[in-house]
Each structure stands twice: as structure tokens, then as C-alpha cells.
Amino acid sequence: MHYGHGGIECVFEMGMTMAERSLSRLLCAIAALCVVALAMEGAALADAPAQARGAVIYRQRCQVCHAGPEQSGPMGPGLNGVVGRKAGSTGYAYSAALKRSELTWSKANLDSFLSGPDKLVPGTRMVVAMPDAKQRGDLVEYLASLR
Ligand code: HEC
């Protein structure tokens with residue numbers, strides 16, 4: 001007899017008693033749940049390395065001006081919740097250029113901003129560019145995780 005579940009298939013011997021069968025069925029269901037749980041953990045981890053790499057880049061390249069991600073420093077605005085936020089909208093003393101930009105930050109335009117801030121927003125005082133697309137992608141994943 002075959003009894004399948006979440007990619008796992010259990011085969012029961014015909015000679016099994018009812019009690020043996022229900023025990024096997026229970027073990028089979030538990031094994032199937034383990035497979036599903038591992039798959040879900042894998043999916044969660046798929047994003048985590050990008051964010052973790054992004055966090056390291058942030059500390060190395062951004063934190064000097066943006067203080068911690070939570071609070072604005074004297075040299076740059078805080079970046080918590082930046083994805084979905086209007087550009088130049090915290091209490092920080094922004095350039096007129098950024099305030100006028102009418103951008104709402106998304107992963108896509110952050111990627112473009114970080115590849116060359118002055119190209120997307122001519123006249124911005126944010127001058128640090130990240131030419132490496134892979135590093136930029138990791139950094140944007142990290143920024144998007146800051147709530
Ligand atoms: C040399 C200091 C400095 C560094 C280093 C720096 N920034 Fe900035 N950043 C600024 C300043 C100043 C502004 C405000 C720009 C303006 O007003 O035009 C800004 C603005 C921003 C904004 C727009 C925020 C808003 O509220 O609209 C983002 C996003 C940003 N920076 C991301 C980054 C990231 C990511 C890094 C690391 C790669 C980084 N910055 C490194 C100084 C810096």
C-alpha cells in the first residue's frame with residue numbers, strides 16, 4: 001500500500017497489522033513534515049545571506065555618515081524604513097535637490113541612486129557611489145530589511 005505526503009512516499013507491507021500500519025502512517029507524516037520544514041528554512045535562508053552581506057557593506061561604506069541605520073547622524077539621514085519612504089522626508093537637513101526630487105524610494109530606484117547618486121538626483125549631497133552591481137544588490141536587500 002502506498003501513502004504519499006509532501007514529496008515523501010511510504011510503502012506499507014501487506015502483512016502489517018492495523019496498529020503497525022497506523023504507526024507507520026504517523027511516522028510517514030512526521031517525516032513529510034520534516035521535509036516541508038527543511039524546505040521552508042531553505043527558502044528563508046536564501047534571502048538571509050544577501051542581507052547579511054549587505055549589513056557588512058553598510059557598516060563599511062555607509063555607517064560613517066548614516067550613523068546607525070536607526071538615527072540620523074550629523075552627516076546623513078537615518079535609513080530605517082527607507083524603502084517606501086519619500087526621498088528627503090526625515091528631519092535631516094537635506095539638499096534642495098533631493099527634497100525636490102519627488103522620488104519615493106523603492107529597491108529599483110535605490111539601486112539606481114547607489115550606482116551614481118548625482119545621475120539620478122543632480123545636486124544631491126550624497127556622493128558615495130557603489131559601482132559593483134552585486135554589492136549594491138546585497139546592500140539594497142539589507143536596506144529593505146530595515147523597518
Ligand atoms: C560621505 C557621507 C555619506 C556616505 C559615506 C553615505 N551617504 Fe548616503 N547620504 C549622505 C547625505 C549627506 C545624504 C543627504 C543627501 C541630500 O540631502 O542630497 C544622503 C542620503 C542618502 C539616501 C537618501 C535618504 C533619504 O532620506 O531620502 C540614501 C538612501 C542613502 N544616502 C544611502 C546611502 C548608502 C546605502 C550608503 C553606503 C553605500 C551611503 N548612503 C553612504 C551622506 C553619505
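Summary of values
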| read-out | value |
| --- | --- |
| Pairs where the first residue, in the range 83-96, is near the ligand (Cβ under 7 Å from one of its atoms) and the second is aromatic (Phe, Trp, Tyr), C-beta under 7 Å, 6+ apart | Arg85/Trp105; Ala87/Trp105; Gly88/Tyr94 |
| Selected residue (only one of Gly73, Gly91 is at pLDDT below 95 and touching a helix residue (DSSP H, G or I) at 6+ places or on another chain (Cβ under 7 Å)) | Gly73 |
| Hits in the range 108-147 - residues which are more than 11 Å from the ligand (Cβ to nearest atom) and basic (Lys, Arg) | Lys119, Lys134, Arg147 |
| Residue pairs meeting the criteria (Cβ under 7 Å; at least 6 apart or on separate chains; first at negative phi and assigned to a loop (DSSP other than H, G, I, E, B), in the range 56-69; second of a type in the set (A, V, I, L, M) and modelled with pLDDT of 90 or more) | Pro69/Leu79; Pro69/Leu146 |
| Test set (1) surrounded by fewer than 15 Cβ atoms within 10 Å (Cβ to Cβ); (2) more than 22 Å from Gly54 (Cα to Cα) - Thr104 fails condition number | (2) |
| Subset tally (residues that are more than 8 Å from the ligand (Cβ to nearest atom) and touching a helix residue (DSSP H, G or I) at 6+ places or on another chain (Cβ under 7 Å)) for the range 97-107 | 1 |
| Only one of Asp111, Asp132 that is farther than 13 Å from Ile57 by Cα and either buried (at least 16 other Cβ atoms within 10 Å of the Cβ) or under 23 Å from the mean Cα position of the chain (by Cα) (or both) | Asp111 |
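The values are calculated or read from the model by the stated rules, or taken from the named source; none is laboratory data. These numbers come from a predicted model, not from an experiment. Because the Cβ atoms are built from the backbone with ideal geometry, glycine has one as well, and the counts that use them run over all protein chains shown.
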